[in-house]
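Read through the structure below, which is laid out as structure tokens, and then see the notes.
The values are calculated or read from the model by the stated rules, or taken from the named source; none is laboratory data. Keep in mind the model is a prediction, meaning the values are calculated, not measured. In this analysis, Cβ positions are derived from the backbone assuming ideal geometry, glycine residues included, and neighbour counts consider all displayed protein chains. Remember, those area values only see protein heavy atoms, side chains included, never the ligands or the DNA or RNA. Shrake-Rupley method; radii C 1.70, N 1.55, O 1.52, S 1.80 Å.
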Amino acid sequence: MVPPHPLHRSPYTRTAISLHWLVGLGLVGTFALGFYMTGMPFSPAKLQYFSWHKWAGVTLWLLIVARLSWRLAKGAPAAPAGMPGWQRAASEWTHRLLYLLMLTIPVSGWLMSSAKGVPTIYFGVLPLPDLLARDNELGNSLASLHLALNYGMAGLVVLHVAAALKHHVIDRDEVLARMLPFLRRT
């Protein structure tokens, strides 16, 4: 009897899949809102969008901490047996960088907001402490850093999606089906 394939023995849990898609959709939405709002002229709407962007950033940071904690506790399924070593290393480092950026970007936004003297009040109710004293020059530098980190993460997300599609369409393995169980081949 042939033992079951490792991907079928240890797929991601429903919690891991749910957190993956919640964070993924949240990142896309928050990035899109950030991109849109920065091009707007100063207005009450722009101020509201900035508040929503900050609330989303804090919420995503909390979800990412939960997601990373879950992954560290439960692990991830093994890569397909035939995957070349360089692809395993690329996958591992891409995931590490994604987690690092997902944790760092909201903090860079909070630091920027603090340095620019604009408080972060979570959902308009819970004031978060300023992490830095007001310093417009530092705030502008942090704004550039925040933008660069976001573009870096966007590039990694495109790479991540392309690799998942390559596994599904070209390699015809179960890598993508681990996060989209309805794609599982039987």
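Per 0.36 nm of contour for each residue apart, how much would the distance between L68 and M179 grow if the chain were fully extended, relative to their Cα-Cα spacing?
Numbers: separation 111, 0.36 × 111 = 39.96 nm, distance 1.57 nm.
That works out to 38.4 nm of additional length.
Using a Gaussian network model on the chain with a 10 Å cutoff between Cα atoms, which of P129, P44, P11 fluctuates the most?
P44
Name the trypsin sites (Lys or Arg not before Pro) in segment 111-186 that are in a loop by DSSP and that have at most 15 other C-beta atoms within 10 Å, would you? Can you show the working numbers first?
Details: sites: K116, R134, K166, R172, R178, R184, R185; in loops: K116, R134, R172, R184, R185.
Filter output for segment 111-186: R134, R172, R184, R185.
What residue among G139, G29, G39 has the largest mean-square fluctuation in a Gaussian network model of the chain, using Cα springs under 10 Å?
It is G39.
What is the extension gain from T38 to L100, computed as 0.36 nm multiplied by their sequence separation minus the C-alpha to C-alpha distance, in nm to one decimal?
Values: separation 62, 0.36 × 62 = 22.32 nm, distance 2.41 nm.
Computed gain between T38 and L100 is 19.9 nm.
Of S51, S144, A66, which is farthest towards the positive pole of segment 43-186's charge dipole, taken about the Cα centre with +1 and -1 on the beta-carbons of Lys, Arg and Asp, Glu respectively?
Value computed over the given set: A66.
Calculate what fraction, in whole %, of the accessible area of the chain sits on carbon and sulfur atoms when a 1.4 Å probe is rolled over the protein chains.
72
When the chain is modelled as a GNM with alpha-carbon springs shorter than 10 Å, which of T104, T15, T30 fluctuates the most?
Fluctuation is largest for T15.
Can you give the charge dipole size of the chain about its Cα centre, rounded to the nearest 20 debye, using +1 on the beta carbon of Lys and Arg and -1 on the beta carbon of Asp and Glu? Each step should come with its number before you reach the end.
On the way: 16 positive and 7 negative charges, 117 e Å.
The dipole magnitude comes to about 560 debye.
Convex hull over the Cα atoms of the chain, averaged projected area in nm²?
Values: hull surface 51.3 nm².
Directional mean of the projected Cα hull area for the chain stands at 12.8 nm².
Run the numbers for N140 and V28: contour at 0.36 nm per residue of separation, minus the present Cα-Cα distance, in nm. List each step's numbers first, then the result.
Numbers: separation 112, 0.36 × 112 = 40.32 nm, distance 2.37 nm.
Additional length available on full extension: 37.9 nm.
At a Förster radius of 25 Å, what calculated FRET efficiency corresponds to the Cβ-Cβ distance of T13 and R88, to the nearest 0.05?
Working: r = 22 Å, r/R0 = 0.87.
Computed FRET efficiency for T13 and R88: 0.70.
For the chain, what is the relative contact order in percent, using Cα pairs closer than 8 Å and at least 6 residues apart in sequence? Intermediate values should be presented prior to the final figure.
Working: 165 pairs, mean separation 41.1, N = 186.
Answer for the chain is 22 percent.
Please give me, ordered by residue number, the chymotrypsin sites (Phe, Trp or Tyr not before Pro) of segment 107-146 that lie in loop per DSSP and have at most 14 other Cβ atoms within 10 Å.
Details: sites: W110, Y122, F123; in loops: F123.
The qualifying sites are F123.
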